[in-house]
Each structure stands twice: as C-alpha cells, then as structure tokens.
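Asks: Starting off with a structure, shown below.
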Amino acid sequence: MSSPITMPDTTRFYVLDTSVLVHNPDVLDAFAEHTRVVPEVVLEELDHLKDGRKSDVAASARQAARKLEEWTRHHDPSQPIPLPHEGYLHIALNHRETNLPPGWTVDKNDNRILQVCKGLADEYGDERVTLVSKDAILRVKARALGLKAEDLRMDQTANGHFTGWSKWVLRGPQVNRWGQMAERAIWPLRTRDMDRHVWVTNQYLEVLGPGQTVLGHAQVRWDDDMPCIVRLPVEAPKAYGIVAKNPRQRWALDALLDERIHIVTLSGSAGTGKTLLALAAGLEMTVEKEQFESLLVCRPAIGMGEDLGFLPGTEAEKIGPFMRPIWDNLRAIHRGDPPKHGNRRTGELDSTVELVASKYIEMQAVSFLRGRTVSHQYLLIDEAQNLSPRQVQAVLTRVGEGTKVVLCGDPTQIDAPYLDERSNGLVYAVDHLKGYAGAAHITFHPTDSERSAAARWVAEHF
C-alpha cells in the first residue's frame, strides 16, 4: 500500500452519487485536478445494480466498478489516490458520525451520501465541497443543509441548441441571381460568408427577398471542399403519399430522402409530424425504391421497464403496447389522405397496414439492439429524448454499412428519471453531429403542429 497523500489546499471535492456514475461512468475522468469522492454507500448501490434487470444500467455500473477497481488496485482506498492523468480519487468510508437534522434517518442511502458531503464540508469548508447528482430531490436536500449541489454538466448541451435551419435575406443583385438559378443549382460561397452567417453543412435556409418575401428554399453544402448554397425544388417533397405542409416538414423530408445523409435528427413538440414523416420516408425508400432491406423501428421502453426480456410472452407481445403510436402513424399514412392509397374502411385499412408492417417493418425495444450490427436498414429511433447520451452513442455504434438512422423526439417531454431538456440523448446527438457531412437536423416550431386546430392552439399558447 502507498503512503498517505497530502492534497493541495486548493483542491475541491466533488461527491459523486450513484445516478451520476450510472448515467455516465466516464464522469470519473472529469473534474481536472480536483478530487472525486465516491461514498461507500455508492459502492454498495453499484454492486446491487451491476447484475440488475436493466441492461444499460447494469452495464454502466459494471464499467464504473471496473474503473474504480483499476484505480484502487495498488493504493490504500482509505486514502486519497492520485489518478493517472490528474486529480485524486477518494473512497469515503466514514462520516457516519456527522450529525444530520432530527428525523433525517441514516438508514436511507441518500442521507448517507449527504453525511459524507457534510463531513467533508465541516473539515475543509463549504466552498470546497460540491455534491454532483442527477437526482433533483437529493440536490434540494443538500442545499437545505447549506451544501453546494449541481447536476452533471459534462454532457449537457448549451441553451438554444442547433435548430438545423436559418433565414437568408438576399440583397440587390443577389435577388436577380437567385431568380436565374435552376433547381438543384449550386451557388458558390466564400468561406468567410459561411463564418458571417454561422452556417454549417446540411443546414437548411428559407430564402427571403425584399419585404421578407419568401423566394424559396436552399441547403448549405460543401462541393469540392468549397462552401455552396444548393437551391431546392419549388415543389414540396413527398414520401409514400405524404406531402410536406410547411417549411420545416419540407426540409425534414428532403434530409430523410437524401442518400448523402446517413443520420437525421428531428426534434419538436407533439403533432409536428416527426414520426409520421420519418415513417413515410422509410416506407418510400424501403418499399418503393428498395434502397433498404427493411425498416427497423425502435423505442425506449420507458414506463414498461427498461429491459423487457423478463416479461412473459414473445418479443412482439412484449413490445406491442408501447409501439401503438407507431401503428397510429402507419394508419394515418394509409388512411386515405394520400391520394395514392384511396379511401379505405377500418377493416381494409388495418389489413393493409398489417400486411405492409409484416413484410417490411420490424419493431423492437432499443434495449434489444445491444450486440447487434444493423446493416442495410432504415433505422428509426422514436422518443429518443428518453435515451441517455451514452445510450444514443451505443445505438449509433450499432450501425453497419448501408444503414440510415433517424432519431425523433420532443426534448421537453421526458419520462426517464435522470434526464432533462439539456442532458438527454437526442439533444446530445444534435449538438455532436452538427457539421458532420453525413448528418442533418431539423427542429420543428410548435406552430408546425398538423394534428388539429385545437392541438396547434394548445402548442402555441400553453
């Protein structure tokens, strides 16, 4: 065992709870030269979770445990351990004698974590100790004790994340030049033009003229290593009979049908058509154009247990209930609004949908993707805001040759307990894929809701 380590007087102590380590085991590599404190009770919780039914949680618990074991193998865990890069690791084994307010029982694991925080604050000062937790209630309790507490910041996106579209106002001679451009024609730009407008590749533009008149639509691209603007067709794109009804639906369909783009992310409030458009594009490219072998639809099983493998029944029976929104969208596509399908009675509609689904569509819970390589498929991940950044990364690394991935969701409607509008997997993917030549993103506006007049009013005013 090594000799006790004397830490600098400037070091700060970041106490990590179980939710943080499960959310992202790489948190142990953060906090620079400061000390990561892991309470003993967190080790107990990780040990309990590592063999649990929730496969993603268990995998994260095992990874965190392996890293902790590696760092403590040749050191005394009761002493601060210098880390290979910088900073320290401290396994907090004591502080049970630290007093909590009357009624705060130490039988609760959260309160034992707070004892560690309070003991360190009493010893080193309140300003040097911070609890880091994904649990909002635990953070509130910490602040009630006069302790500093914060959410994990390392995988949060900035406020006002990338929307994927912008406006381009033409001046003077530019208006004439635009009017002379054919569809899909290229308008070369200088790099400084891109910097001035803060555009990135595959970003979509609403082209405006004098008086904010809409002149058309365009897409930012790179051609022969030079930035350019590509004029999009005047006619709204359509897929499997579904026609875009507003600018953002137009841009979303363009990206979904674009063979150059391999990853599409769509975010926005309910009713804006994200899943409908993604399904229609998938059917168009799978059924009509035969570009993919099948359409694989996945949703996180939030609300029905993270891992469905322990539920009785076949895989289809297990995932059937939480795939109902997908069936609703498939019925909408085939209902008769698209002229190509004609009007159908309910029985005929259901038969048509079931026939198409059985032949071309596979539905799974996201957890069933673990260990697979998804090749030559159109992969739609719906409700992606209920995945963690780590889970989205795992999904994207499952992608093989010839596969297109679409992530859909509403970052304001999150059911997963330790995710929020800034730390969920969908916004993390949007932020990290920005500027990648094979990716495109569209954020829908609440007024884009196409469900009904009532739904549009609620989306805009509530």
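Asks: Largest first and in whole Å, give the semi-axes of the stretch 124-164's equivalent ellipsoid, each being the square root of 5 times a Cα gyration tensor eigenvalue.
Replies: They are 27, 12, 8 Å, listed largest first.
Asks: Can you give me the distance in nm between label points at Glu288 and Trp104, each placed 7 Å from the Cα along the Cα-to-Cβ direction?
Replies: Going from the Glu288 label point to the Trp104 one covers 6.2 nm.
Asks: Report the gain in length on full extension from Asp26 to Thr397: 0.36 nm times residue separation, minus Cα-Cα distance, nm rounded to one decimal. The partial results should precede the final answer.
Replies: Numbers: separation 371, 0.36 × 371 = 133.56 nm, distance 1.73 nm.
Answer, rounded to one decimal: 131.8 nm.
Asks: What does the helix-only formula give at 222 nm for the chain: each DSSP H stretch with n ≥ 4 adding -39500 (n - 2.57), the total divided by the residues, and the result rounded to the nearest 500 deg cm²/dmol? Write out the running numbers ahead of the final one.
Replies: On the way: 15 runs with 151 residues, N = 462.
Computed mean residue ellipticity for the chain: -9500 deg cm²/dmol.
Asks: If you take the beta carbon distance between Asp126 and Glu259 as r and set R0 to 51 Å, what does 1/(1 + (r/R0)^6) give as a FRET efficiency, to the nearest 0.05?
Replies: Calculated value: 0.35.
Asks: While we're looking at this one, here's another question. Probe radius 1.4 Å, ligands and nucleic acids left out: which of Arg62, Arg192, Arg221 has the largest accessible area, and how do the rest follow? Please report the intermediate quantities before stating the final value.
Replies: Values: Arg62 95, Arg192 155, Arg221 50 Å².
Output order, biggest surface exposure first: Arg192, Arg62, Arg221.
Asks: Using only Cα atoms, what is the ratio of the radius of gyration of the stretch 250-290 to 2.2 N^0.38 Å? Kindly include the intermediate steps, with their values, before the conclusion.
Replies: Values: Rg = 10.3 Å, N = 41, 2.2 N^0.38 = 9.0 Å.
Cα-based Rg divided by the globular estimate yields 1.14.
Asks: Right, next: Over the Cα atoms of the stretch 16-144, what Rg and Dmax result, in angstrom?
Replies: 14.4, 42
Asks: Out of the total accessible area of the chain (probe 1.4 Å, heavy atoms of protein only), what percent is carbon and sulfur?
Replies: Values: 10850 of 21990 Å².
C and S fraction of accessible area: 49 percent.
Asks: Using 0.36 nm per residue, how much length does the chain from Gln79 to Arg171 gain when fully extended, once their Cα-Cα distance is taken away? Could you put the intermediate results ahead of the total?
Replies: Values: separation 92, 0.36 × 92 = 33.12 nm, distance 6.72 nm.
Contour length minus the Cα-Cα distance gives 26.4 nm.
Asks: Relative to the first principal axis of the alpha-carbon coordinates of the chain, what is the inclination of helix 109-124, with its axis defined by its Cα atoms, in degrees from 0 to 90 and to the nearest 10?
Replies: Around 60 degrees separate the two axes.
Asks: Taking only protein heavy atoms and a 1.4 Å probe, what accessible area per residue, in Å², does the chain have with all protein chains in place? List each step's numbers first, then the result.
Replies: Numbers: 21990 Å² over 462 residues.
Value returned for the chain: 48 Å² of accessible area per residue.
Asks: Too long at a 29 Å Cα-Cα cut-off: which of Lys67/Lys118; Lys134/Lys167; Lys54/Lys238? Each step should come with its number before you reach the end.
Replies: Details: Lys67/Lys118 26 Å; Lys134/Lys167 37 Å; Lys54/Lys238 40 Å.
Long pairs (Cα-Cα over 29 Å): Lys134/Lys167; Lys54/Lys238.
Asks: Also: What FRET efficiency, computed as 1/(1 + (r/R0)^6) with R0 = 60 Å and r the Cβ-Cβ distance, is obtained for Trp187 and Arg370, rounded to the nearest 0.05?
Replies: On the way: r = 45 Å, r/R0 = 0.75.
So, using R0 = 60 Å, E works out to roughly 0.85.
Asks: Kindly state, to the nearest 0.05, the FRET efficiency for Leu93 paired with Gln413, given R0 = 45 Å and r defined as their beta-carbon distance.
Replies: On the way: r = 41 Å, r/R0 = 0.92.
Efficiency computed from Cβ-Cβ geometry: 0.65.
The values are calculated or read from the model by the stated rules, or taken from the named source; none is laboratory data. No experiment lies behind these values; they were computed from the predicted model shown. Every residue, glycine as well, gets a Cβ built from its backbone with ideal geometry; the counts of neighbours run over all protein chains shown. Protein only, heavy atoms only, side chains kept; ligands, DNA and RNA dropped before computing areas. Shrake-Rupley method; radii C 1.70, N 1.55, O 1.52, S 1.80 Å.
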